[in-house]
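A short worksheet on the structure shown next.
The values are calculated or read from the model by the stated rules, or taken from the named source; none is laboratory data. As the structure is a prediction and not an experimental result, all values here were calculated from the model. Note that each Cβ is placed from the backbone with ideal geometry, even for glycine, and that neighbours are counted across all protein chains shown. Surface accessibility is based on the protein's heavy atoms, side chains included, excluding ligands, DNA and RNA. Shrake-Rupley method; radii C 1.70, N 1.55, O 1.52, S 1.80 Å.
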Amino acid sequence: MENKITMEVDRRNSMVCRFTSSRTLYVGSKTVSNVPDARGLPLAEKLIALSGVEKLQLIGHLLVVTQTGEREWKDLGQEIESILTLFLISGDALTPGEVHEKMMLIGRNVREKVQYLVDTQINPGVAEHGGSVQVVDVKDGGVYLRLHGGCQGCGAADFTLKQGIETIVKRAVPEIDQIIDLTDHGAGMNPYYQRPDMVRPTSN
């Protein structure tokens with residue numbers, strides 16, 4: 001994947017410079033004027049820390065930087081381009097698939113985002129093993145799920161929740177900090193939580 005960056009100083013305001021990337025830098029728009037604004041955004045954190053940078057805006061493929069006037073764009077621009085290049089080749093940059101995912105989540109509330117992820121990314125894979133995942137509730141930073149079919153009572157259910165569902169949901173919906181499993185695994189076809197009435201006594 002080619003990583004191309006172009007730079008253009010605003011003709012009407014020499015304190016502003018636009019950097020256009022061949023890849024998406026941010027889905028939506030984000031204005032950063034200080035370090036707290038940049039928290040959680042690796043690219044913005046590095047850029048706002050540069051000497052001479054007053055403000056930056058991330059809009060899709062575009063980065064708009066406003067400087068204080070202390071430095072020449074030739075010098076500051078090279079630093080910014082270097083940071084952009086390193087970001088694009090790092091694991092922090094969005095892949096095309098992640099960009100599509102984020103675009104599809106725009107305009108949805110937290111519950112709708114979680115349901116979309118379950119419908120499009122989680123259930124198709126779980127269905128291959130004869131199971132399904134139901135979103136029971138989303139509140140206070142938690143997602144309450146119930147597993148059905150082959151997932152109910154499956155010994156790999158905990159791994160599916162932690163490594164699969166939790167990873168997908170938390171990555172795309174930062175408002176979520178925990179996944180709660182409401183499944184009665186003892187009622188499944190192959191329960192790994194045995195019900196007391198199903199435990200056979202051992203003979204001496």
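For the reader, a short list of remarks on this structure follows.
- Matching residues in segment 84-101 - criterion: being surrounded by fewer than 17 Cβ atoms within 10 Å (Cβ to Cβ) and modelled with pLDDT of 70 or more: Thr85, Leu86, Ile89, Ser90, Gly91, Asp92
- Residues of segment 118-137 that turn out to be assigned to a strand (DSSP E or B) and open to solvent by 30 Å² or more (accessible area, probe 1.4 Å), as a count: 4
- For segment 102-117, residues that are open to solvent by 40 Å² or more (accessible area, probe 1.4 Å), aliphatic (A, V, I, L, M) and modelled with pLDDT of 85 or more total 1.
- Strands (runs of 3 or more DSSP E) wholly inside segment 1-117 containing at least 1 residues that are within 17 Å of the chain's Cα centre (by Cα) and touching a residue at least 60 places away in the same chain (Cβ under 8 Å): 26-32
- Meets criteria (among the hydrophobic types (A, V, I, L, M, F, W, C) and at pLDDT 90 or above) for Phe19: yes
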